Amino acid sequence: MTANADIKIEKTTQSRVTEYDVNNVPFGKCFSDHMFIAEYADGKWEKSIIMPYKDVPMSFAMSALHYGQAIFEGMKAYKSDTGEVSVFRPLENFKRMNKSAIRMAMPEVPEEIFMGGLLALLKLDAAWVPTSETGSLYIRPFLIATDEAIGVKASETYKFVIITCPAGKYYSEPIKVLIETNYIRAVEGGVGYVKAAGNYGRSLYPTKLAQEKGYQQVIWTDGKTHSYIEESGTMNLMLVIGDTLVTPALCDTILAGITRDSVLALAKEWGMKVEERKVSIAEVIAAHTAGTLKEVFGVGTAATIAQIIGIGHVDNYYPLPPVEGRQFSNKVDEVLRGIRKGKVADTFNWMFKVK
Ligand code: COI
């Protein structure tokens, strides 16, 4: 796919890339030179532009701000040793974004706008893609409702925007997580399976409470019984119990993570036993007691593989085996990194080259 010819391009006259060490910046705080914006009005997509990254005037009455008609995606671009830039599975993000759009009564973004905007942007900002082993350019596409109107109804105007930022590790250290048995992230029939902005806003208070107790994140449980684990923070959750990779099965309270899907694909290719099913807190504690809970880790775009070194539940803390000895998650982390950096054969055709 090539860039959409209809994109108007206003290049920056002064790149800011030399102001940063792109291999060493905090996650999500320094933005690359350009951004892509497409506008939707009168029932159709029109006007696509790439312009220098900057603040743009918008109304405080805009509906995204009041009623949360806002969705987003997260993906990453990598640079190989030869300087080639590729994006990890962007078409999966494109498809998921449109699932989110449907659920939030928003217009779907056409593929030529999503992919055309993305590729054109990455060509301009290729210098912002880190070269380090664990670095990448985090790509944040989002769709927001822009009607200047306070009535509660689906907006008639929208902006689809892509911004990017160089990123290193999301978590600098392995994390401790607390099983949350009071607050919930998602319920059946809700929007947990899509990437609605509000899913993240509502997670902050319980996360803050967990952090006050010395944890970095929570493990969300099902909204009805609080007895099954679902996700951890902004990540899908995986466990190695005995010789089996176990992860909560997708349902309408769990986001279909692209890293999740990739880890499962690799595990199956390696002949590992994989189970996608309900996982109860009781099972996790029993496995810990029996000594069969070998590895627990979160998987997500921003975090990639985030090792979990201990789990809290009510008044108990369950320390987990040392990270160094975790055969599966360390191997999958290394192989995924290798595929992304062009060092390991991309047998699944996951890398989308920016030509
Ligand atoms: C991602 O992994 O892209 C996420 O959605 C996490 C993000 C909210 C930082």
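The values are calculated or read from the model by the stated rules, or taken from the named source; none is laboratory data. These numbers come from a predicted model, not from an experiment. All Cβ positions, even for glycine, are placed from backbone atoms using ideal geometry, and neighbour counts span all protein chains on display. Please note that ligands, DNA and RNA were not included when accessible areas were found on the heavy atoms of the full protein model with its side chains. Shrake-Rupley method; radii C 1.70, N 1.55, O 1.52, S 1.80 Å.
Worth a mention:
- Residue match in region 83-91 (condition: more than 23 Å from Ser262 (Cα to Cα) and either more than 16 Å from the ligand (Cβ to nearest atom) or touching a residue at least 24 places away in the same chain (Cβ under 8 Å) (or both)): yes
Quick grid of which residues meet (1) more than 15 Å from Ala265 (Cα to Cα); (2) over 24 Å from the mean Cα position of the chain (by Cα):
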position: Ala302; (1), (2): yes, no
position: Ile308; (1), (2): yes, no
position: His313; (1), (2): yes, yes
position: Gly325; (1), (2): yes, yes
position: Asp333; (1), (2): no, no
position: Gly338; (1), (2): yes, no
position: Lys341; (1), (2): yes, no
position: Trp350; (1), (2): no, no
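- Condition check for Lys29: assigned to a strand (DSSP E or B), within 16 Å of the ligand (Cβ to nearest atom), within 30 Å of Lys343 (Cβ to Cβ) and not assigned by TED's automatic domain parsing to the domain that holds Leu255: no
- Looking only at region 157-189, and only at residues there that are among the polar types (S, T, N, Q) and part of a loop (DSSP other than H, G, I, E, B), the one that is nearest to the chain's Cα centre (by Cα): Ser172
- Taken across region 227-235, residues that are outside any loop (DSSP other than H, G, I, E, B), of a type in the set (Ser, Thr, Tyr), buried (at least 23 other Cβ atoms within 10 Å of the Cβ) and at pLDDT 95 or above do occur, with at least one present.
- Qualifying residue in region 49-66 (condition: more than 16 Å from the ligand (Cβ to nearest atom), modelled with pLDDT of 95 or more, under 30 Å from Ser172 (Cβ atoms) and outside any loop (DSSP other than H, G, I, E, B)): no
- Subset of region 203-218 that is away from the ligand (no atom under 16 Å from the Cβ) and of a type in the set (Gly, Ala, Ser) - its residue that is farthest from Gly192 (Cα to Cα): Gly214
- Inter-residue pairs, beta-carbon under 7 Å, first assigned by TED's automatic domain parsing to the domain that holds Tyr228 and in region 256-277, second among the acidic types (Asp, Glu) and assigned to a helix (DSSP H, G or I), 6+ apart: Ile258/Glu92
- Filtered by the rule that a residue be open to solvent by 20 Å² or more (accessible area, probe 1.4 Å) and within 25 Å of the chain's Cα centre (by Cα), region 44-55 gives Ile49, Met51, Pro52, Tyr53, Lys54, Asp55.
- Which numbered condition Ala256 misses (of (1) open to solvent by 30 Å² or more (accessible area, probe 1.4 Å); (2) over 25 Å from the mean Cα position of the chain (by Cα); (3) aliphatic (A, V, I, L, M)): (2)
- One residue stands out in region 310-347 among those that are among the β-branched types (Val, Ile, Thr) and touching a strand residue (DSSP E or B) at 6+ places or on another chain (Cβ under 6 Å): the one that is least open to solvent (accessible area, probe 1.4 Å), namely Ile311.
- Among the residues of region 224-259, the ones that are within 15 Å of the ligand (Cβ to nearest atom) and more than 18 Å from Lys176 (Cα to Cα) come to 6 in all.
- Residue, nearest to the ligand (Cβ to nearest atom), within region 151-172, restricted to residues that are at pLDDT 95 or above and open to solvent by 20 Å² or more (accessible area, probe 1.4 Å): Ile163
- Flag for Thr221 being β-branched (Val, Ile, Thr) and either buried (at least 22 other Cβ atoms within 10 Å of the Cβ) or within 16 Å of the ligand (Cβ to nearest atom) (or both): yes
Residue-wise test of (1) basic (Lys, Arg); (2) within 19 Å of Trp220 (Cα to Cα).
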{"position": "Thr234", "(1), (2)": "no, yes"}
{"position": "Thr247", "(1), (2)": "no, yes"}
{"position": "Arg260", "(1), (2)": "yes, yes"}
{"position": "Val274", "(1), (2)": "no, no"}
{"position": "Val279", "(1), (2)": "no, yes"}
{"position": "Ile285", "(1), (2)": "no, yes"}
{"position": "Gly291", "(1), (2)": "no, no"}
{"position": "Val299", "(1), (2)": "no, yes"}
{"position": "Thr304", "(1), (2)": "no, yes"}
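- Qualifying residue in region 194-203 (condition: touching a Phe, Trp or Tyr at 6+ places or on another chain (Cβ under 7 Å), open to solvent by less than 30 Å² (accessible area, probe 1.4 Å), closer than 24 Å to Ile37 by Cβ and assigned to a loop (DSSP other than H, G, I, E, B)): yes
- Any chance Tyr40 is crowded, with 18+ Cβ neighbours inside 10 Å and under 16 Å from the mean Cα position of the chain (by Cα): no
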